[in-house]
Every structure is written in structure tokens, then in C-alpha cells.
Amino acid sequence: MHSPDVTAVFDLPDEPATQALGAMLAGSLLPGLNIFLEGDLGAGKTTLARALIRALGHAGPVKSPTYALVEVYVFSSLYLYHFDFYRFESAEEFLDAGFAEYFNDASVCLVEWPDRAAGCVPAPDLRIRLRHVADGRIAELEACSERGRSCLSKIASTPADGTSCGAPVRR
Ligand code: ADP
Ligand code: MG
């Protein structure tokens, strides 16, 4: 029997490629998805989240949640919460802020720096690890639940747009 992939790796040679991956992700979301965005400062976590949020139809600015900790977007069919826990001094701040209730079956959560809330933030459905390679980036996507696998198989079957610039290339 065919078992769905649990990982997919994309080369992102330039910023438009990161943005295109964000748009592919937007087309593959399911309610309840909890997505961890991991990687060093400047790896492209916010760039990816911003492209995803724009692809869902948000026309206004998409601020990095670095200072506010969370930015909330309401689309007709879902709530999307974009978190950044970089500034947490302890993981318990997650509980003190009352963030646990944001993680539910009706919302999509994008979480930058989830390790700063380790042990308190719920386990992810999908982990996206971004890293620098030369002038570009590599994205490793790992499904960690059935919901994550459904999302990943949709992304993996999304055709690349065929242009040489701005296309994520699956390895
Ligand atoms: P993070 O949220 O991970 O700290 P940001 O998204 O704020 O990172 O910043 C990433 C920086 O890298 C931005 O300046 C963006 O233009 C750039 N960038 C994003 N993706 C790529 C890519 N695939 N190749 C080269 N530069 C990229
Ligand atoms: Mg960021």
C-alpha cells in the first residue's frame, strides 16, 4: 500500500521561491493545523508566513509578531494566529499569556521559535525547518500527524509554476 510521504525538501534559491512555497502552503491548509516554523534569525520564517497570509487574501500589512508575540488574521473560513516566541524568557510565558486556547480545531497556528515555549506549546502537525544555503535557503517539511500528512501530500502534489525564478524546487 502506498504510504504518504512524511517529509519533503525544497530548494529555495531566492526570496520569490520562499514566497511561492508560502502560497503553496496556503492552498494546502486544513483547520486545526499547528505549523512550527524553525530556523535561525533571517532564515525566512516570517517571509514564508507573510506570503501564506497574503495568499489567503489578506491585503494589509503583515507585521512580524516579534514584539506583539501574536498577530491575528480572520478569514471567512478560519482564524489564523501567527506567533513568535523569540522574546520569551521562559516557556511558562506561553501559559501565562493564555495562548493555549488559540490552538484548537477551528484555527491555523504558525509558530516562529516554538522551542522557546517547549513543553507548553502543543505538538505540531507540520514542522518547517528553514536554513541558509549559500545565498538561498532550504526548507525541510516534516509531517508529525495525520493532519500534517494530508497537508504535506497536497503541497507535494502542487505543480511548480514552471518559471526559472521564484519556484521552489523539490529535491
Ligand atoms: P526570520 O523570520 O526567519 O527571522 P525573515 O523572513 O524576517 O526571517 O527574513 C528573511 C530574510 O531573508 C529577508 O530579508 C528575505 O528577503 C530573505 N529571504 C527569504 N527567503 C530567501 C531565499 N529563499 N533566498 C534568499 N533570501 C531569502
Ligand atoms: Mg521572524
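The values are calculated or read from the model by the stated rules, or taken from the named source; none is laboratory data. Values in this document were obtained by computation on a predicted structure and should not be read as measured data. When we count neighbours, we look across all protein chains shown, and the Cβ atoms used for this are built from the backbone with ideal geometry, even at glycine. These accessible areas exclude ligands, DNA and RNA; they are computed on the full protein's heavy atoms, side chains included. Shrake-Rupley method; radii C 1.70, N 1.55, O 1.52, S 1.80 Å.
Observations
- Charged-residue dipole, Cβ positions (Lys, Arg, Asp, Glu), the chain about Cα centre, Debye nearest 20: 480
- Each part reduced to its alpha carbon centroid, segment 50-116 and segment 21-44 end up 11 Å apart.
- Positive minus negative residues near L69 (Lys, Arg vs Asp, Glu; Cβ under 12 Å): -2
- A simple rule links phi to the HN-Hα coupling: the Karplus curve 6.51 cos²θ - 1.76 cosθ + 1.60 with θ = phi - 60°, which for segment 145-157 gives 7, 4, 5, x, 5, 4, 5, 5, 5, 5, 4, 5, 9 Hz, with x for Gly and Pro.
- In this label model, Y86 and C144 are separated by 2.1 nm, measuring between points 7 Å along each Cα→Cβ vector.
- Each peptide in 114-124, 69-79 receives the mean, over its residues, of other Cβ atoms within 10 Å, and ordering these scores from highest gives 114-124, 69-79.
- In terms of its Cα atoms, segment 1-68 spans 46, 27, 21 Å along the principal axes, sorted from long to short.
- Helical content of the chain, expressed as a calculated mean residue ellipticity at 222 nm, amounts to -6500 deg cm²/dmol (DSSP H runs of 4 or more residues, -39,500 (n - 2.57) each, divided by residue number, nearest 500).
- Dipole of the chain, positive direction: furthest Cα of L95, T66, A167, with charges on the beta-carbon: A167
- For the chain, carbon and sulfur atoms together expose 52% of the accessible surface, with a 1.4 angstrom probe and every protein chain in place.
- Evaluated at q = 0.11, 0.14, 0.19 Å⁻¹, the base-10 log of the normalised Debye intensity for the chain, with identical point scatterers placed on the Cα atoms, takes the values -0.42, -0.69, -1.30.
- Segment A134-A59, extension gain: residue separation times 0.36 nm, minus the distance between their alpha carbons: 23.8 nm
- The HN-Hα couplings worked out from phi for segment 46-52 by the Karplus form 6.51 cos²θ - 1.76 cosθ + 1.60 (θ = phi - 60°) are 5, 4, 5, 4, 4, 5, 4 Hz, whole numbers, x standing for Gly and Pro.
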